[in-house]
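The values are calculated or read from the model by the stated rules, or taken from the named source; none is laboratory data. This is a predicted model, so every value here is computed, not measured. Counting neighbours? That spans all protein chains shown, and the Cβs are built from the backbone with ideal geometry, glycine included. Accessible surface is based on the protein model in full, side chains and every heavy atom, while ligands, DNA and RNA are left aside. Shrake-Rupley method; radii C 1.70, N 1.55, O 1.52, S 1.80 Å.
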Amino acid sequence: QVQLVESGGGLVQAGGSLRLSCAASGSRFSIGSMAWYHQAPGKQRELVAGITSSGRTNYADSVKGRFTISRDNAKNTVYLQMSSLKVEDTGVYYCNAVNWGYLYWGQGTQVTVSS
């Protein structure tokens with residue numbers, strides 16, 4: 001059983017930066033890939049960035065060069081460093097993780113980018 005808790009969301013101005021964290025807790029850990037998703041108001045949830053257990057990453061085209069995903073396996077935590085934020089980045093950010101083949105989701109953290 002794994003619980004994921006996101007933190008770091010908030011209100012920022014366009015052009016600013018924010019770092020999101022997602023910490024996993026529970027028992028029987030064997031965390032594989034982890035990822036961040038974004039759900040803008042009125043839109044479907046979309047992949048922002050993913051990272052494998054070995055550190056390989058992939059990004060949505062809309063965030064390449066602006067966002068960076070990283071992980072600290074010792075802390076069972078994944079991060080999303082967001083820079084040059086745009087108004088369209090506004091929405092709820094969710095992390096997920098695979099543990100022993102089962103996909104877990106966090107509750108999300110709200111990011112609001114103002115103009």
- Task: Go through the stretch 62-115 and give me each residue that's aliphatic (A, V, I, L, M), open to solvent by 20 Å² or more (accessible area, probe 1.4 Å) and under 18 Å from residue 42 (Cβ atoms).
- Result: 87, 92
- For the stretch 53-76, what are the residues that are modelled with pLDDT of 95 or more, closer than 14 Å to residue 35 by Cβ and not aromatic (Phe, Trp, Tyr)? 56, 57, 58, 60, 63, 68, 69, 70, 71
- Out of 84, 21, 54, 27, which single residue is among the hydroxyl-bearing types (Ser, Thr, Tyr) and in contact with a strand residue (DSSP E or B) (Cβ under 6 Å, 6 or more places away or on another chain)? 21
- Task: Residues that are within 18 Å of residue 18 (Cβ to Cβ), touching a residue at least 12 places away in the same chain (Cβ under 8 Å) and of a type in the set (A, V, I, L, M): find the strands (runs of 3 or more DSSP E) completely inside the stretch 39-115 holding 2 or more of those.
- Result: 46-51, 77-82, 109-114
- Message: Looking for something farther than 25 Å from residue 1 by Cβ and open to solvent by 50 Å² or more (accessible area, probe 1.4 Å) - is there at least one such residue anywhere in the stretch 22-33?
- Response: no
